[in-house]
Amino acid sequence: MSDCIFCQIIAGEIPSFKIYEDETVLAFLDIQPVSRGHLLVLPKTHSENLAGLAEAEIAPLFSLARRLGQVAQNITGAEGFNLIVNKGSAAGQMVFHTHVHVIPRSAGDGLRHWPKIEVSTEEMKTIAQDIASGLF
Ligand code: 5GP
Ligand code: ZN
């Protein structure tokens, strides 16, 4: 048995409120939802986080996440949805099998966006250039 909890769910060794499954991806309800309809979409092949996700798996994963976001929004009567990926423990990742959170949202639901910081124009310029040059 794998020691990855999501691989165990994929293998059917741990139950879940399953929503959708095909050869590549699986979707089920998050066990500790932050809103009604909060679900997770994951690739069936294990990768620790988004950095290790094969290029070919990106489109099926996010395509399903977007479709389920809209369906979950409609079904729950929400007004929008967030797609969130926590990459790394510093970003809040707790289960190290790549997954996308799909979270139906409504105005006044109490979920907060993160606080803003001040960054100087000079530093913004440097950061943009550094990130751009790191791409290739
Ligand atoms: P992360 O913080 O890694 O992005 O999110 C992991 C998510 O997985 C959490 O929201 C948590 O509630 C959910 N989760 C953890 N264990 C289980 C489980 O055994 N079953 C289900 N359905 N969700 C889980
Ligand atoms: Zn896994």
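The values are calculated or read from the model by the stated rules, or taken from the named source; none is laboratory data. Everything quoted here is computed from the prediction, not taken from an experiment. Please note: Cβ atoms are built from the backbone with ideal geometry, for glycine as well, and neighbour counts cover all protein chains shown. Heads up: the accessible areas ignore ligands, DNA and RNA and are worked out on the full protein's heavy atoms, side chains in. Shrake-Rupley method; radii C 1.70, N 1.55, O 1.52, S 1.80 Å.
So what is the accessible area of region 45-136 per residue, in Å², with the probe set to 1.4 Å?
72 Å²
Residue 63 accessible area, nearest 10 Å², 1.4 Å probe?
Accessible area of residue 63: about 60 Å².
Take the chain, connect every pair of alpha-carbon atoms lying under 10 Å apart with a spring to form a Gaussian network, then pick out the residue of 119, 100, 71 with the largest mean-square fluctuation.
Largest GNM mean-square fluctuation: 119.
Could you work out how far the C-alpha centroid of region 105-133 sits from that of region 27-81, in angstrom?
First find each Cα centre; the distance between them is then 23 Å.
For a test of understanding, tell me how many lysine pairs in the chain have Cα atoms under 26 Å apart, given they are 8 or more places apart or on different chains.
Pairs that pass both the separation and distance tests number 6.
If I model the chain as equal point scatterers sitting on the Cα atoms and use the Debye formula, what is log10 I(q)/I(0) at q = 0.16, 0.17, 0.20 Å⁻¹?
Taken in order of the listed q values, log10 I(q)/I(0) reads -0.91, -0.99, -1.20.
So what is the 222 nm mean residue ellipticity for the chain from helices alone, if each DSSP H run of at least 4 adds -39500 (n - 2.57) and you divide by all residues, rounding to the nearest 500 deg cm²/dmol?
The helix contribution divided over the chain gives -10000 deg cm²/dmol.
Between residue 89 and residue 66, what FRET efficiency comes out of the Förster formula 1/(1 + (r/R0)^6) with R0 = 25 Å and r the beta carbon distance, rounded to 0.05?
0.45
R0 = 22 Å: FRET efficiency of residue 79 with residue 34, Cβ-based, nearest 0.05?
For R0 = 22 Å, the calculated efficiency reads 0.90.
Summarise the accessible area of region 5-133 (1.4 Å probe, protein heavy atoms) by the percent that is carbon and sulfur.
57 percent
For residue 46, tell me the accessible area in Å² from a 1.4 Å probe, rounded to the nearest 10.
Probe radius 1.4 Å; accessible area of residue 46 about 90 Å².
DSSP loop GluC sites (Glu not before Pro) in region 47-136 with at most 11 other Cβ atoms within 10 Å of their Cβ, which ones?
In loop regions of region 47-136 (DSSP not H, G, I, E or B), the sparsely surrounded GluC sites (Glu not before Pro) are 118.
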